[in-house]
1. Quick check on my filter: what residues within segment A:21-48 are in contact with a Ser or Thr (Cβ under 9 Å, 6 or more places away or on another chain), surrounded by 19 or more Cβ atoms within 10 Å (Cβ to Cβ) and free of Cβ contacts under 8 Å to residues at least 24 places away in the same chain?
2. Would you kindly identify the helices (runs of 4 or more DSSP H) lying entirely within segment A:40-150 that contain at least 1 residues that are under 30 Å from B:Glu77 (Cβ atoms)?
3. Surrounded by fewer than 17 Cβ atoms within 10 Å (Cβ to Cβ), out of contact with any Cys (no Cβ under 9 Å at 6 or more places or on another chain) and on the phi > 0 side of the Ramachandran plot - does that describe any residue in segment A:147-170?
4. Would you tally the residues in segment A:55-111 being within 14 Å of chain B (Cβ to nearest Cβ) and either closer than 21 Å to A:Phe187 by Cα or among the hydroxyl-bearing types (Ser, Thr, Tyr) (or both)?
5. Taking segment B:24-79, which residues are among the hydrophobic types (A, V, I, L, M, F, W, C), surrounded by 13 or more Cβ atoms within 10 Å (Cβ to Cβ) and within 12 Å of chain A (Cβ to nearest Cβ)?
6. Going by what's in this entry, would A:Glu81 be described as surrounded by 13 or more Cβ atoms within 10 Å (Cβ to Cβ), among the charged types (D, E, K, R) and touching a helix residue (DSSP H, G or I) at 6+ places or on another chain (Cβ under 7 Å)?
7. From the list A:Leu54, A:Leu84, which one is more than 30 Å from A:Asn131 (Cα to Cα), within 20 Å of the chain's Cα centre (by Cα) and assigned by TED's automatic domain parsing to the domain that holds A:Lys122?
8. Give just the number: which of (1) more than 14 Å from every other protein chain (Cβ to nearest Cβ); (2) touching a helix residue (DSSP H, G or I) at 6+ places or on another chain (Cβ under 6 Å) does A:Met118 not satisfy?
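The values are calculated or read from the model by the stated rules, or taken from the named source; none is laboratory data. Source: prediction; values computed, not measured. Methodologically, a virtual Cβ is constructed for each residue, glycine included, from the backbone with ideal geometry; neighbour enumeration extends over all protein chains shown.
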Amino acid sequence: MRTRDIDKEQLVKQKAIECIVKDGMEGFSMNKLAKACKISVATLYIYYKDRDDLIISIAREEGLRMAKIMLEDFDENASFEDGLRVQWKNRYKHMMENPHLGVFFDQLRSSSYHAQFMETFKTNFETAIGNFMHNVHERGEVNEMPFEAFWSVAYAPLYSLIRFHNEGYSVGGKPFAMSDKILWATFNLVVKALKN
Amino acid sequence: MNIYLLMKKFDHILLFKTNCSTGADKLMLQCLMQQDGIEEWNLDLDDCDYVLRVISRTLNHASIILLLNRHGYECCELI
């Protein structure tokens, strides 16, 4: 019997993300979610205290899962290029396997749940990335620069490509599908831009 | 969420549909929910059914419904 409940809990999480992505944070309600899952509203309230509790729980859980995936095979002592390559590989894999998550995370970032969501990364993930960047600066591989400037060059291109892929088109409505060739060609340009 | 813990607590989660729709109603409930036997409670003001969620090992649905009715609120079990 317990297996069935875990399945139901998984279904609730998956449908909640789908509903939020489809209708936006404002249009999301426990009633709509219950209907999408074909369960009673009361069942949802057994799992979660209220709508806020549900969104925060799912955001935390998915945030922690992503932080864990991003650290797979990541060595904070690696060279800049190797470390960044692992980050690109992990982020790419995670986003391609969970296409709704990128939109869901963007919605969380621009919502009142922002702070609670970002808390999930203040764990091992921030420490490991912080140590990696410290080592890279110490070795003089990359110049110090504002974090936002670094992130915009290092990761924003990756997220742009993934967004184009998920939407099926790029700038001006041109059809687009991601390939490993485009991914790693872009990565090489990023390394070239940042590495001394 | 730990499913095992959840299953154990399952029977003690009492759910109601109410007409407690404002912050003032919530304040009123804060007083009402101080009675013995209520371990935890929550009112979802974002939901159209204004769901009241009570955790109690000693009280049942009828006693909570009576408590709210006595203070002028509509309240029925959420199914």
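1. A:Tyr48
2. Result: A:41-47, A:51-70.
3. Yes: one or more hits.
4. 2
5. B:Trp41, B:Leu43, B:Leu45, B:Val51, B:Leu52, B:Val54, B:Ile55, B:Cys76, B:Leu78
6. Spelling it out, A:Glu81 is indeed surrounded by 13 or more Cβ atoms within 10 Å (Cβ to Cβ), among the charged types (D, E, K, R) and touching a helix residue (DSSP H, G or I) at 6+ places or on another chain (Cβ under 7 Å).
7. From the options A:Leu54, A:Leu84, the qualifying one is A:Leu54.
8. For A:Met118, the exception is condition (2).
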